[in-house]
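The values are calculated or read from the model by the stated rules, or taken from the named source; none is laboratory data. Every value quoted in this text rests on a predicted model; they were computed, and no experiment measured them. Neighbour counts are summed over all protein chains in view; Cβ atoms, including those assigned to glycine, are modelled from backbone coordinates with ideal geometry. Areas reflect the complete protein model, heavy atoms only, side chains present, ligands, DNA and RNA absent. Shrake-Rupley method; radii C 1.70, N 1.55, O 1.52, S 1.80 Å.
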Amino acid sequence: MRNAKISVGITAYKNSEYLLEALNSLIDQSVDCWEGIFILDKGADTKTKKIFNSFTHPRILKHRCKHHKGAEQARHEAIKLSSTNWYFQLDSDDKIPPYAISEILNKINENPEAEFIYGPTMHFSKKSSYVTSPSYNPEVLTSSALFSAIMPIKIAMYFRIGGYAKELKYFAADWDFWLSVYEKNIVGAETKKILYHRRNHGNNVIARNMPKWPEVINIIIGRHPKFFSKNKRKRKALYSVYEKLARHYRKKRNRKKAAFYAKVAIKNGPSTTTLQEILNEEQMSKIRYAIRLAGKLL
């Protein structure tokens, strides 16, 4: 689009209650040298489709996927449709501050060798908010990217790396992508300003796909044999996943699965109080377990 210097992709599938807020955060940017690419993934819910069909804006291109892509492959569609050299992802349940595009473009101009821009992220919900700053410790990559996985990238770099891994069709292809960026020593530029506001809620992509984590982590470890060649890193990655799964199934009151994953977690890392409680709960009678749950509710 005319005068556009960066493309912003908005990918929609669920979370219709937040979608307009995300779109408006792009429209309300302090500068207008951006283009938007609004992607509707196949199989989106009725409310999301309705918003997509009725929404119009002169700087936002709309594209409907003919097949279900999943989060990262829907982003891939947006990147392919971009007409600029840079891409910034905006998930449908998140938003960006009014100065975000201006700050990104300033950093690009100041750092011509940079192929990505990174900075702090605001995490928020109805009840609270907090800021996470980028990490400089590569060991963090055993369980996540060093910063928010949604940060501005140079499109040429994205394709040079090979884009998002198609094997990771559920989620975590962005974490896998940033592992590749780190392994290839690609240069980025940092800003101290918050670039992204990520919404914390219980219906995001990861929450909807928690049971798929064992498959996902095995794919990631397999795709990065050099990084995970240190057994300590591999164990940390497995521990992070299985500890989360144990807590996930405990919350769902599935004692058998919670205990199974707690045991796998303990094989790869420390036994915490929570993990021991999960193991103890598996051995309780139904009556004792019901009393325990009732006590927690009081």
Pick out the one residue from Lys69, Lys49 that is over 23 Å from Glu167 (Cα atoms) and not β-branched (Val, Ile, Thr). Lys49
Can you report the number of residues in segment 97-144 which are in a loop (DSSP other than H, G, I, E, B) and of a type outside the set (A, V, I, L, M)? 20
Can you tell me which residue is nearest to the chain's Cα centre (by Cα) among those in segment 137-163 that are under 20 Å from Gly36 (Cα atoms) and buried (at least 21 other Cβ atoms within 10 Å of the Cβ)? Met151
Under 7 Å between Cβ atoms, at least 6 apart or on separate chains: pull out the pairs that start in segment 44-65 with a residue that is farther than 26 Å from Lys5 by Cα and end on any residue that is surrounded by fewer than 17 Cβ atoms within 10 Å (Cβ to Cβ). Ile51/Leu20
Residue list for segment 103-125, filter: hydroxyl-bearing (Ser, Thr, Tyr) and surrounded by fewer than 17 Cβ atoms within 10 Å (Cβ to Cβ): Ser125
Hey, Ala172 hits all of (1) of a type in the set (A, V, I, L, M); (2) open to solvent by less than 70 Å² (accessible area, probe 1.4 Å); (3) on the phi < 0 side of the Ramachandran plot but one; which does it fall short on? (3)
Per the list (1) assigned to a helix (DSSP H, G or I); (2) modelled with pLDDT of 95 or more, residue check on Asp174 breaks on (2)
Just one listed residue, out of Arg233, Arg253, is touching a Ser or Thr at 6+ places or on another chain (Cβ under 8 Å), more than 27 Å from Gly70 (Cα to Cα) and surrounded by fewer than 19 Cβ atoms within 10 Å (Cβ to Cβ), and it is Arg233
If I filter segment 236-250 down to residues being in contact with a Ser or Thr (Cβ under 7 Å, 6 or more places away or on another chain) and not aliphatic (A, V, I, L, M), which single residue comes out as nearest to Val216 (Cα to Cα)? Ser240
I need a count of the residues in segment 179-191 that are open to solvent by less than 20 Å² (accessible area, probe 1.4 Å), out of contact with any strand residue (DSSP E or B) (no Cβ under 9 Å at 6 or more places or on another chain) and not polar (S, T, N, Q). 1
Mind checking which residues of segment 21-43 are without any contact (Cβ under 8 Å) to a residue 40 or more places away in the chain and open to solvent by 80 Å² or more (accessible area, probe 1.4 Å)? Asp32, Lys42
Pull up segment 193-225, narrow it to residues that are touching a helix residue (DSSP H, G or I) at 6+ places or on another chain (Cβ under 7 Å) and open to solvent by 50 Å² or more (accessible area, probe 1.4 Å), then point me to the one that is farthest from Met122 (Cα to Cα). Arg223
